[in-house]
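The values are calculated or read from the model by the stated rules, or taken from the named source; none is laboratory data. Since this is a predicted model, take the numbers as computed values, not measurements. Cβ placement follows ideal geometry from the backbone for every residue including glycine, while neighbour counts extend to all protein chains displayed. For the accessible areas, the whole protein counts, side chains as well, though only heavy atoms, and no ligand, DNA or RNA atoms are used. Shrake-Rupley method; radii C 1.70, N 1.55, O 1.52, S 1.80 Å.
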Amino acid sequence: MDRPYTVSRYLLHRLKEVGVNHLFGVPGDYNLDFLDEVMLSPIKWIGNCNELNAGYAADGYARLNGIGAAVVTYGVGGLSIINAVAGAFAELVPIIVINGAPPARRREAGAMVHHLVSNYYLQLDIFKKITADAALLTDPNTAPDEIDRVLKNAVLQKLPGYIELPADMNNVPCRAPEKPLTMLHPTSDPDSLAECVKEAVEMINKAESPIFLAGLEVLRFGLGKETLRLIETSEVPFSTMLSSKSVLPELHPQFTGIYQGGWSKPSTRHQVEDSDCLISLGAWMTDLDTGLFSINLDSRRMITVGGGQVRIGSHFYHQVQLGDFIRELSLKIQPRSYLASHPTESYRPKQPFVPESSRMLTAKRLYECLNFNLNDQLILLSEPGDSFCASPEFHIEEAENYIVQSYYCSIGFCTPAALGVSLARPSKRPVVLTGDGAFQMTAQEISTLIREKCPAIVILVNNDGYLIERYLHQDGRYNDIQMWNYAALPGVLGNNDAVVGIKVSTEEELEKAMLTALKTTDKLIFIEACIVNRDASYGLERLGNTFRSAQQKK
Ligand SMILES: Cc1ncc(C[n+]2csc(CCOP(=O)(O)OP(=O)(O)O)c2C)c(N)n1
Ligand SMILES: [Mg+2]
């Protein structure tokens, strides 16, 4: 006979129902009863080295799986995971945090228990500000409804959710889940939708050089396939942005490149900015997505869709959802044989990497080599720093094979996020491109990657400190970090049968290491790439120049 439902069983049932198959986190005495239930559930427990890493892992997982979750303990864990939750909130990633709390009798007595800071509502108050919804479960009669509400709001709004679970609430009986959760997606106003699509079709039909710009909301709301259908039906070319890179396949003949304002390839910039009808789908104009706001777009020649509304020139249409607009436009738009009449500059073909023997490795050559070796089985995660500046121009063949925290930009995100990526997509391998500074933030999580047998490829760009900061400002001693023996580290953190650490300083060594990485599909491969003379990518040189000249104008 099935065991009766308790609050923790109910929560696990709903987590599984919304798609959580792995739970990240760190135990603590306030969450141990919950973790005992996790061990009996079909959800797999993945212990992390710390809570921040658990949050990043859940975020990486959610970006591919649709949702992720992490379990932490009160105060010490709850407050540690905040940075990861803030990043997920900023970037529209739904992760659920389950925070094990002291029992109700202690809360009600106001007792001074370990891990308490200030008062018993502090964490709930903080998480309310960086989640779609947050609940402290105090009553087994209302707990199921509160769990349902938090999960639904997180899933629908693509934002984190927070559930505080007092230790004595875990094993209290509660009602069984009655029926599957009903997700009421926000709807469009039918008149508003019909009118704005009509106006959009007229504008596109009249235009000589329309172009789509697919942005971050297309990626996060899982609208890539529908957007591709729209693009292929209409035969209009498209661009993406750094934050939405790889939402659509980049080897597509209609792809014109990544639009980043003044940092774009000239042909991409020309096509986007000189278009007489730019259809912007869910694009966020953040500083790093716009080449530090160096964009030149005229709203009179734009159709802007996102955040539940559409703007065409000076006309605003409210309550129109992005997905509805894309689907409706696909039905109404006429193919224009655009490719036949206006061939776009085809996307730059991959340049083969031919190493020059014993030539010392520069940043540019490292990125050329990586770009050449990326394939559709590899998911690239690129860390803020030179890695992130180099990667916009990489060729990502398949949709969803690129992950970046391009708005919140918390360094140290990618190594733990790769754990989540690997568990969410076991058929592919994550490739972490990280700086030495970023790596030092969350390096321990290599050990969890090894323990979980995730055959990640980690490429550490050893340029001796915080290179990006050296470029953004006059250099100072604060940009120096302790040199580690990076390539030896994976052996220390794991077992030598499961990991290969390789240090490279020349082009030839890099090519050999890359071949080993691609051939050895059952191990974690860690490549420490030593860069000569703190060399940087073209992207970082450009960022530094723009940033410093903006500072001078202040
Ligand atoms: C958590 C966090 N702390 C600090 C920063 C500020 N920051 C941005 S990039 C950077 C240095 C990155 O150095 P590294 O990873 O070595 O990359 P490089 O530029 O050298 O390639 C720092 C400290 C940040 N973005 N996130
Ligand atoms: Mg560095």
Name the pairs whose Cβ atoms lie under 6 Å apart, with the first residue in the stretch 462-477 and within 17 Å of Leu433 (Cβ to Cβ), the second near ligand 2 (Cβ under 7 Å from one of its atoms) and among the hydrophobic types (A, V, I, L, M, F, W, C), and 6 or more positions between them or separate chains? none
Do you know which of the residues in the stretch 128-150 that are in contact with a helix residue (DSSP H, G or I) (Cβ under 7 Å, 6 or more places away or on another chain) and assigned to a helix (DSSP H, G or I) is most open to solvent (accessible area, probe 1.4 Å)? Asp148
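Yes/no matrix, rows are residues, columns are (1) more than 15 Å from ligand 2 (Cβ to nearest atom); (2) out of contact with any strand residue (DSSP E or B) (no Cβ under 9 Å at 6 or more places or on another chain):
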| site | (1), (2) |
| --- | --- |
| Lys364 | yes, yes |
| Phe388 | no, no |
| Ile396 | yes, no |
| Cys414 | no, no |
| Ser422 | yes, no |
| Ser427 | yes, yes |
| Ala443 | no, yes |
Among the residues that make up the stretch 510-518, is at least one of them open to solvent by less than 40 Å² (accessible area, probe 1.4 Å), in a helix (DSSP H, G or I) and among the small types (Gly, Ala, Ser)? yes
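Mind listing just one residue for me: the one in the stretch 519-554 that is of a type in the set (Ser, Thr, Tyr) and out of contact with any strand residue (DSSP E or B) (no Cβ under 8 Å at 6 or more places or on another chain) and, of those, nearest to Ala487 (Cα to Cα)? Step through it out loud before you land on a result.
Step one: filter the stretch 519-554 for residues of a type in the set (Ser, Thr, Tyr), giving 520-521, 537-538, 546, 549.
Checking which are out of contact with any strand residue (DSSP E or B) (no Cβ under 8 Å at 6 or more places or on another chain) leaves us with 537-538, 549.
Details: Ser537: 22, Tyr538: 26, Ser549: 37 Å.
Checking each candidate, the answer is Ser537.
Kindly indicate whether Asn119 is open to solvent by less than 50 Å² (accessible area, probe 1.4 Å) and of a type in the set (S, T, N, Q).
no
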Candidates Glu217, Glu208, filtered to the one that is not in a loop (DSSP other than H, G, I, E, B) and not hydroxyl-bearing (Ser, Thr, Tyr): Glu217
Restricting to the stretch 281-322, count the residues that are open to solvent by 60 Å² or more (accessible area, probe 1.4 Å), over 28 Å from Ser549 (Cβ atoms) and in a loop (DSSP other than H, G, I, E, B). 3
Taking the stretch 463-487 and keeping residues near ligand 2 (Cβ under 10 Å from one of its atoms), open to solvent by less than 60 Å² (accessible area, probe 1.4 Å) and in a helix (DSSP H, G or I) leaves Leu467, Ile468, Arg470, Asn479
